[in-house]
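Asker: Okay, handing you the structure first.
The values are calculated or read from the model by the stated rules, or taken from the named source; none is laboratory data. These numbers were taken from a predicted model, which means no experiment stands behind them. Here the Cβ positions follow ideal geometry from the backbone for every residue, glycine too, while neighbour counts run over all protein chains shown.
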């Protein structure tokens, strides 16, 4: 968390990345069918973690002031989150993105994964969404498409469930195998959010041994996903579908827009179902978040916006309660216009979520 005084912006704010946590997998027990409870209560099931330093950094990946008095996991206490985020920064809305991502923690045994995803969604509604109308939820799904569609259909009617969560792991979501998931989200008028997960490994290289290397890799993982979505025709099948790439930054976006356009001009015959320039899908169907904010100068920031060709593609995200939390008051250069700040802090997300 960056230092300095917090000054009220007096602007509407939507935070698109807030991690609400479970204290332990036992929080899911009241919401699980009896047949699955024993795997947690008696056998001690916990999610797989492919990244060893995710455990090493367990207590240092958070803001230290976000640890509840009882020592529970940061992000698991509603009252503290309300005090430190919703009230302190006068949020209009905060989108809960969680961290319990069934689509990447479970390989095989999808019935148990589907049950856990349902339990986590019910936990989110019961323990979080019911407590504050400013909170919006993300529908957690298992990886298996048939079960994922059932869960989307089950949860989509809840007025505070704002999107479907697709965590980024070691596979590409644009594969036609997963298209029923996009169809279900589109049918319900829900956008998709894609967020990195603890199972990200190196794209095109060996396993990365250090947290600093893994963190530096994040944009590459997001590039893989946007390329997969576009070349597999997701936005040609579902032209109204919106996808947010959350906590991947945005500086890399102009580079990928131009690189994909160049490849498309030379090789478009390979994917005849892709009917538009890739950069058009970026502008019309995708949104990107400020977090992690890299302290760009006003000139550098406006150069990125200019290369994107749109002021509508970036949404504010804090990443609460993690160590690199970005408060809205210090996320963008002070020299940019108030109208652009308001778009990024509020309006772009308002339009994305159809609030």
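Asker: If residue 82 satisfies all but one of (1) under 23 Å from residue 101 (Cβ atoms); (2) surrounded by fewer than 18 Cβ atoms within 10 Å (Cβ to Cβ); (3) at pLDDT 95 or above, what's the number of the condition it fails?
Answerer: Every listed condition holds for residue 82 apart from (1).
Asker: Identify, please: which residue in the range 249-259 is touching a helix residue (DSSP H, G or I) at 6+ places or on another chain (Cβ under 8 Å) and surrounded by fewer than 21 Cβ atoms within 10 Å (Cβ to Cβ) and is, among those, farthest from residue 17 (Cα to Cα)?
Answerer: Across the range 249-259, the extreme among qualifying residues is 258.
Asker: Identify, from the list 103, 94, 72, 113, the residue that is in contact (Cβ under 8 Å) with a residue 60 or more places away in the chain and closer than 21 Å to residue 25 by Cβ.
Answerer: Being in contact (Cβ under 8 Å) with a residue 60 or more places away in the chain and closer than 21 Å to residue 25 by Cβ holds for just one of 103, 94, 72, 113, which is 103.
Asker: Residues in the range 156-176: is at least one assigned to a helix (DSSP H, G or I), in contact (Cβ under 8 Å) with a residue 12 or more places away in the chain and in contact with a strand residue (DSSP E or B) (Cβ under 9 Å, 6 or more places away or on another chain)?
Answerer: No, the range 156-176 contains no residue that is assigned to a helix (DSSP H, G or I), in contact (Cβ under 8 Å) with a residue 12 or more places away in the chain and in contact with a strand residue (DSSP E or B) (Cβ under 9 Å, 6 or more places away or on another chain).
Asker: Follow-up question, since we're still on this one. Return a yes/no flag: does the range 263-277 have any residue that is buried (at least 22 other Cβ atoms within 10 Å of the Cβ) and either over 19 Å from residue 163 (Cα atoms) or at pLDDT 95 or above (or both).
Answerer: no
Asker: With the condition kept exactly as written, say whether any residue in the range 233-240 is in a helix (DSSP H, G or I) and buried (at least 22 other Cβ atoms within 10 Å of the Cβ).
Answerer: Yes: one or more hits.
Asker: Just the residues that are within 18 Å of residue 305 (Cβ to Cβ) and not in a helix (DSSP H, G or I), please, taken from the range 252-278.
Answerer: 252
Asker: Scan the range 110-124 and tell me whether some residue there is in a loop (DSSP other than H, G, I, E, B), at pLDDT 95 or above, within 21 Å of residue 320 (Cα to Cα) and touching a strand residue (DSSP E or B) at 6+ places or on another chain (Cβ under 9 Å).
Answerer: No.
Asker: Evaluate the range 134-149: report whether one residue or more is assigned to a helix (DSSP H, G or I) and surrounded by 24 or more Cβ atoms within 10 Å (Cβ to Cβ).
Answerer: yes
Asker: Of all residues in the range 328-341, count the ones that are closer than 14 Å to residue 305 by Cβ and either assigned to a helix (DSSP H, G or I) or touching a helix residue (DSSP H, G or I) at 6+ places or on another chain (Cβ under 7 Å) (or both).
Answerer: 7
Asker: Looking at (1) farther than 26 Å from residue 138 by Cα; (2) without any contact (Cβ under 8 Å) to a residue 40 or more places away in the chain, which is the only condition residue 304 fails?
Answerer: (2)
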